[in-house]
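Each reported figure results from applying straightforward, stated rules to the coordinates on display, with no laboratory input. These numbers come from a predicted model, not from an experiment. When we count neighbours, we look across all protein chains shown, and the Cβ atoms used for this are built from the backbone with ideal geometry, even at glycine.
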Amino acid sequence: MKTEENPFFQPFGTPFETAAFDKIQNVHFKPAFLKGIEIHDQEIEAIVNNPEAPDFENTLVALDRSGDMLASVSGVFYNLTSANTNDELQAIAKDVSPLLTSHYDNILLNARLFQRIKVVYEQREGLNLDTEQATLLEKTYKQFSRNGANLQEDRQAELREINKELSVLSLQFGDNQLAETNAFKLVLEKPEDLAGLPQSFIDAAAEAAREDSLEGKWLVTLHYPSRVPFLTFSSRRDLREKVFKAYIMRGDNNNEHDNKQIAAKMASLRVKRSSLLGYATHADYILEENMAKNPQNVYDFLDKVWDAALPVAKKEAEELQAMIQAEGNDFKLEPWDWWYYAEKLRKQKYNLDEEALKPYFALENVRLGMFQVATNLFGINFKERNDIQKYHPDVKTFEVLESDGSHIGILYMDFFPRASKEGGAWMNNYREQYMVGDSNVSPIITTVCNFTKPTQEQPSLLTFEEVSTLFHEFGHALHGLLSECTYRKISGSNTPRDFVELPSQIMENWASEPEVMKMYARHYQTGEVIPQELIDKIQASEHFNQGFTTVEYMSACYLDMDIHTRTDSTQIDAIAFENQSMQKIGLIPEIVVRYRIPYFSHIFAGGYSSGYYSYLWAEVLDADAFEAFKETSIFDPATAKAFRDNVLSRGGTDDPMTLYVKFRGKEPDVKAMLKRKGLI
């Protein structure tokens, strides 16, 4: 391929150097990866062969600045494979993954490069480095030492093989999960199959069926906007059971997409790798870099919350069982009944109907209100840009601006599910913010969700939980966008895993504030602002079902920790191990662990191994942090400035607890979170 034919081989020539999606084709990726690796290798060689004595600038800064082209290709490619993939991209990923793993191992195991870093590290006390420089040096040195730079050659060779195998298995796990999710289709053909379902769901299911050439029928899938409303409202218990079991059996069907052996192999390889690197367990290896520091601290934290949450969940189960019997039924409450009866009980207790709320939560109104929150807090503005290329028609693109009109960054927002997109919601970046001399390289951020698509009759209407999800991912986006760091390695969301969720989770607080709800919650047909009566009902019910929500989530935290505190590298029987883990904590049979091993993609196809607890830890931080706003006002300029200056803009440039205390003036207290959940 000629250089001029591949858009990655020269600047895109687009606004803010955003990806030229109109020119990028699948065939361009592999040559671009190979070229990016080649250039990166040359940059590393230039550092290693520099005749000048190692110093911070010619070694640490040069290393941080290296790999621009490879970062650009990777940013575009991996965002596409998660948000708009196809068979060809998945095949390329399988080819490229071992190449990239080998490439980065070559860097981290480069003895001459590590020696230069070591020289600078050993001189650090006399270098007069500022906090950000000292953090970059510390993290770089640790990254090399934690990834085998001090190992003998034969042990390094073993480590390389483990890393390569893990990278391929992780991809395969994610591909299998996507295939399993897309494979299930429940086609409803008779009106009686729709019993209990709200009209908005029926319309969406009919639209999904039409798109799948099933005119005149209704389609239910395992994607969140289809699965959860169906489990919540369908009075057809047999069909709820079918959908629920299909969801929890993904990756556990003993077919070509089965993930049990892949997960077991990955867990085994992680034991071997942590042992090779001198750590007691994989969790010890991971948590050394987190706020929690070690597995015991995580277990102590989980136990404290579990002991508060499990009795609440048991009481909730009793209430739902009583409701079943009050209706004249004699069956035992099962996991596929929980959502359905919880919704009935909520209506009974609080006269709150999820379907009555949705007309007030039109996606576009929520987005505008959310942007206004950011404007009120941080003085930033959002301007839609139709001249920036998109990878899919559903995507919206915004330029983010300071109050004086100066450029901050670009934000892509991708809202709706499709077969080419992974489930869930996430933020990622196409380009991280960093500085080159006095010049700022602005961030290019993306948020991806899976909300109900608009139909011919109505716009995309969200549940309140989905409103919270949108605010959550937007919080991550602000962390990336408002970064003001010098070095790419520690900018934006490059923070410890149990700190990175603070900016996202604190944003959820604004979503439920009455003052904010009146900014965005308007009836999509009449324009009427949400009545105070409905807001009061939402607030009155905020503790409802918190036992279930907390226990379901925490069971996955325990499972993650149990898998990764093993010292035996023998491959586990995934299902037997999962069952033992749940029995140990006393998970009640009416609740299934949020992520079973065969589809626990956070830890097997994402970056959350030994870190799934971090969402809960971040709830401690965000509950305490939001109190700072409540003590003044939710849009207090001084508090917002302190949060932007000490958290959002600082990335991973300092110890996270130091950053938090600079903002809050004290360390957080777990009681604020337990109180907010109604668990104490």
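The table below gives the values:
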{"quantity": "Simple Cβ-charge dipole of region 184-248, Lys/Arg +1 and Asp/Glu -1, about Cα centre, in debye nearest 20", "calculated": "320 debye"}
{"quantity": "Two-decimal Rg/Rh across region 530-680, once Rg and the Kirkwood Rh are taken from alpha-carbon atoms", "calculated": "1.05"}
{"quantity": "Region 156-161 - phi-based ³J(HN,Hα) in whole Hz, Karplus 6.51/-1.76/1.60, Gly and Pro as x", "calculated": "5, 4, 5, 4, 4, 5"}
{"quantity": "Overall dimensions of region 35-109 as given by Cα atoms, namely Rg and Dmax in Å", "calculated": "14.9, 49"}
{"quantity": "Which listed pairs, of 30/260; 142/396; 304/396, have C-alpha distances above 32 Å, in listed order", "calculated": "142/396; 304/396"}
{"quantity": "Cα-derived Rg to Rh of region 184-248, Kirkwood definition", "calculated": "0.91"}
{"quantity": "On Cα atoms only, tilt of 464-481 relative to the major axis of the chain in degrees", "calculated": "10 degrees"}
{"quantity": "3J(HN,Hα) from dihedral phi, region 138-146, Karplus parametrisation 6.51/-1.76/1.60, rounded to Hz, x for glycine, proline", "calculated": "4, 5, 5, 4, 5, 4, 5, 5, 6"}
{"quantity": "Relative contact order computed over region 3-150 (Cα-Cα under 8 Å; 6+ residues apart), in percent", "calculated": "25 percent"}
{"quantity": "For region 538-618, the fraction of alpha-carbon pairs in successive 10 Å shells from zero, as %", "calculated": "17, 48, 26, 7, 2"}
{"quantity": "Loop-located trypsin sites (Lys or Arg not before Pro) in region 161-216 whose Cβ has at most 15 other Cβ within 10 Å (DSSP)", "calculated": "185"}
{"quantity": "Hull-based mean projected area of region 29-159, where the convex hull spans the alpha carbons, in square nanometres", "calculated": "9.1 nm²"}
{"quantity": "Fully extended contour minus Cα-Cα distance, from residue 127 to residue 261, at 0.36 nm per residue", "calculated": "43.3 nm"}
{"quantity": "Qualifying trypsin sites (Lys or Arg not before Pro) for region 1-54 [loop in DSSP, other Cβ within 10 Å: at most 16]", "calculated": "2, 23"}
{"quantity": "Cross-link table 349/677; 641/666; 390/453; 139/641; 641/662; 242/347, entries beyond 21 Å C-alpha to C-alpha", "calculated": "139/641; 242/347"}
{"quantity": "Degrees separating the helix 199-211 axis from the principal Cα axis of the chain, which is the longest one", "calculated": "60 degrees"}
{"quantity": "Loop trypsin sites (Lys or Arg not before Pro), region 244-343 (other Cβ atoms within 10 Å of the site Cβ: 14 or fewer; DSSP)", "calculated": "293, 332"}
{"quantity": "Separation in nanometres of the label points that stand 7 Å from Cα toward Cβ, at residue 669 and residue 627", "calculated": "0.5 nm"}
{"quantity": "Rg/Rh for region 117-176, where both radii come from Cα atoms and Rh is the Kirkwood radius", "calculated": "1.19"}
{"quantity": "Enclosed volume per residue, in Å³, of the convex hull spanned by Cα atoms of region 426-499", "calculated": "101 Å³"}
{"quantity": "Net dipole in debye of the chain [+1 Lys, Arg Cβ; -1 Asp, Glu Cβ; about Cα centre; nearest 20]", "calculated": "580 debye"}
{"quantity": "Rounded tilt (10° steps) of 295-326 against the dominant C-alpha axis of the chain", "calculated": "20 degrees"}
{"quantity": "The chain: relative contact order as a whole-number percent, Cα under 8 Å and 6+ apart", "calculated": "16 percent"}
{"quantity": "Residue 106/residue 189 FRET efficiency (R0 41 Å; Cβ-Cβ; nearest 0.05)", "calculated": "0.10"}
{"quantity": "Sequence-distant residues sharing a close amide H with residue 408 (under 5 Å, placed H)", "calculated": "400, 401, 402"}
{"quantity": "Backbone HN-Hα couplings from phi across region 523-532 [Karplus 6.51/-1.76/1.60, Hz, Gly and Pro as x]", "calculated": "4, 5, 9, 9, x, 5, 5, 3, x, 4"}
{"quantity": "Region 449-548, Cα convex hull volume normalised per residue, Å³", "calculated": "146 Å³"}
{"quantity": "Equivalent ellipsoid semi-axes - Cα gyration tensor, region 20-75, angstrom", "calculated": "29, 11, 6"}
{"quantity": "Percentage, to the nearest whole number, of Cα pairs in the chain over 39 Å apart", "calculated": "33 percent"}
{"quantity": "Estimated translational D of region 135-217 in µm²/s (Stokes, Kirkwood radius over Cα pairs; 37 °C; 0.692 mPa s)", "calculated": "184 µm²/s"}
